[in-house]
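S.K.: Could you have a look at this structure, given as structure tokens, before my questions?
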Amino acid sequence: MNWQLTAEEAAFRDEVRRFLADALTPGLREAGRRCSGIFTEYPHGNDWHRILAQRGWSVPQWPVEHGGCDWTPMQHYLFASELAAADAPPRAPMGPGMVAPVIMAFGTPEQQQRWLPGIRNGDDYWCQGYSEPQSGSDLASLQCRAVRDGDEFVLNGTKIWTTHAHHANRMFCLVRTNREGKAQQGISFLCFDMDLPGITVRPIPSVSGDHELNQVFFDDVRVPAAGLIGEENQGWTIAKYLLQHERGGAWAPQLRARWRRLQRALAAAFPGSAGAEHDALALELAELHCRIEALQALELRTLRAQAAGAERGISPSIGKLLGTELKQALTELHVRIAGEDVLSRAELPDAGAHALAVPEDAVFAMSSYLNDRAASIYAGTNEVQRNLVAAHLLR
């Protein structure tokens, strides 16, 4: 990658590469390659988080006073790029990248001391309670109710599409605490433990065969009021702040790693000779490479502007829109390269050992294709992102 790095940036990149070469075990690299969802399954992802924590790199984006790294935006980008290139297991962002910035921005010193260390060292694993069966993109219509009762809130309702709730020991949750006035004005932001009486987690197996998603039910769950972040009925402001972190970040490093995988898959699918089909697929792959290069150029320009003091502005929505559309385009092409082998139904580790053995990469292609159908929906649908971008540009 030729990004006109400074000497200091090149030295940092080399330091990261040396660390990854030593710290990433074959098992962790394999888990990274087999991750066809948004992030790796809990055991591998959290093991890798703890290794990074020992090095002091588990939460580099945090402020230094909370255990983060004093890195430049470009160093963060280089770190993400090297992780993707080394097949490091993608980690769940709900704790480090989503609720932690909220706790730092809106939480009390006591709340920060209570929750941030466990996120940083990997002792705590969080899930997100936002969407409901009738409240997805229109999140302000949520109905999960929390009624104040002294030093507690009594919580009733349900949350859906709750990723890794079956592994999480803590949840951050949007709840309705007031039904008067505008819908956005009666929402509060609560954090609580997942082992409270009255919480039930039910799995939602996906069409890809994965178990990432769940529905969570609350039946008279008594949540300590000490878990309220910010002011009661002011949770919508916090929710919007969190969504900027969920949509933000660098897309190009992971997309480039996926593109390289497709390049290898195409070579394996047409060994020794080429033809019209190969050439057509190769052309599509080249076009996707150009789009990834363009997205990376946009991300790098934004990083340089941030380093000069510019605000992020609408860039998280633009990145989310372009990144997820590219992600879906890559998975669609991967399915076509894999051919009829994608029809096989097998667990990734068992694909080659199955009685009717199939290439593991073909099973991965279909699993990632099915998982990434949701990419244009989660964290705010792409239609909503287009409206946000248009409103910003036309303002």
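The values are calculated or read from the model by the stated rules, or taken from the named source; none is laboratory data. What you are looking at is a predicted structure, and each value in this text was computed from that prediction instead of being measured. No Cβ is skipped: glycine too gets one built from the backbone with ideal geometry, and neighbour counts run over all protein chains shown. Quick note on the areas: whole protein, heavy atoms, side chains included, nothing else; ligands and nucleic acids left out. Shrake-Rupley method; radii C 1.70, N 1.55, O 1.52, S 1.80 Å.
S.K.: May I ask you to list the trypsin sites (Lys or Arg not before Pro) in the range 126-216 that are in a DSSP loop and have at most 13 other Cβ atoms within 10 Å of their Cβ?
M.R.: Values: sites: Arg145, Arg148, Lys159, Arg170, Arg176, Arg179, Lys182; in loops: Arg179, Lys182.
Taking the range 126-216 and a limit of 13 other Cβ atoms within 10 Å, the loop trypsin sites (Lys or Arg not before Pro) found are Arg179, Lys182.
S.K.: Determine the sum of side-chain charges near Met194: Lys and Arg each +1, Asp and Glu each -1, restricted to other residues whose C-beta is under 13 angstrom from that of Met194.
M.R.: -1
S.K.: Now for a separate question. Would you mind telling me the antiparallel percentage of the DSSP bridges in the range 127-179, rounded to 5?
M.R.: Given both bridge residues lie in the range 127-179, the antiparallel proportion sits at roughly 60 percent.
S.K.: Taking every DSSP beta bridge that has both residues in the chain, what percent is antiparallel when rounded to the nearest 5?
M.R.: Working: 28 of 34 bridges.
Roughly 80 percent of the DSSP beta bridges within the chain come out antiparallel.
S.K.: Same structure, new question: Measuring from centroid to centroid over Cα atoms, what is the spacing of the range 188-208 and the range 154-177 in Å?
M.R.: 5
S.K.: Give the calculated FRET efficiency between Arg50 and Arg395 to the nearest 0.05, with a Förster radius of 41 Å applied to their Cβ-Cβ distance.
M.R.: Efficiency, from the Cβ-Cβ distance: 0.40.
S.K.: If each residue of separation counts as 0.36 nm, what is the full-extension length gain between Ala280 and Ala23 once their alpha-carbon separation is subtracted?
M.R.: 88.6 nm
S.K.: Okay, moving on. Compute the distance in nm between two label points, each set 7 Å from the Cα along the Cα-to-Cβ direction, one at Gln143 and one at Gln185.
M.R.: 2.2
S.K.: What nm distance separates the two modelled labels at Cys290 and Ala226, each placed 7 Å from Cα along Cα→Cβ?
M.R.: Distance between label points: 5.9 nm.
S.K.: Exactly which GluC sites (Glu not before Pro) in the range 177-256 are in a DSSP loop and have at most 11 other Cβ atoms within 10 Å?
M.R.: For GluC sites (Glu not before Pro) across the range 177-256 that sit outside H, G, I, E and B with at most 11 neighbouring Cβ atoms in 10 Å, the list reads Glu180.
S.K.: Grab the Cα-Cα distance for Trp71 and Asn156, subtract it from 0.36 nm times how many residues apart they are, and report the gain in nm with one decimal.
M.R.: Working it through step by step, the gained length comes to 26.3 nm.
S.K.: A further question on this structure: When only alpha-carbon atoms count, how far does the chain stretch along each of its three principal axes, as whole angstroms with the largest first?
M.R.: 74, 52, 47
S.K.: Pick out which of Gly339, Gly309, Gly272 has the largest mean-square fluctuation in a Gaussian network model of the chain, springs linking Cα atoms closer than 10 Å.
M.R.: Looking only at Gly339, Gly309, Gly272, the biggest GNM fluctuation is shown by Gly272.
S.K.: Straight-line reach only, C-alpha to C-alpha below 20 angstrom: list the aspartates and glutamates that Lys320 could link to, leaving out same-chain residues fewer than 8 apart.
M.R.: Those aspartates and glutamates meeting the cut-off are Asp138, Glu246, Glu287, Glu293, Glu299, Glu311, Glu332, Asp372, Glu383.
S.K.: Glu8 to Ile377: FRET efficiency via 1/(1 + (r/R0)^6), r the Cβ-Cβ distance, R0 41 Å, to the nearest 0.05?
M.R.: Plugging the Cβ-Cβ distance into 1/(1 + (r/R0)^6) gives 0.55.
S.K.: Using a 1.4 Å probe and counting only protein heavy atoms, arrange Val384, Val99 so the residue with the most accessible area comes first. Please list the in-between numbers first.
M.R.: Values: Val384 55, Val99 0 Å².
Putting Val384, Val99 in descending order of accessible area: Val384, Val99.
S.K.: Ok, one more. Along the Cα-to-C-beta direction of Tyr241, a point sits 7 Å from the Cα; which residues of the range 88-115 have their amide N less than 18 Å from that point?
M.R.: Taking a point 7 Å out along Cα→Cβ of Tyr241, the residues of the range 88-115 whose backbone N falls under 18 Å are 94-115.
S.K.: Among rounded, prolate and oblate, which fits the range 107-158 when a ≥ b ≥ c are the square roots of the eigenvalues of its C-alpha gyration tensor, a/c under 1.5 means rounded, and a/b larger than b/c means prolate? Don't skip to the end; give the middle numbers.
M.R.: Working: a/c = 2.71, a/b = 1.49, b/c = 1.81.
In terms of gyration-tensor shape, oblate.
S.K.: Given a Förster radius of 35 Å and the C-beta distance between Ala268 and Val384 as r, what FRET efficiency does 1/(1 + (r/R0)^6) yield to the nearest 0.05?
M.R.: 0.35
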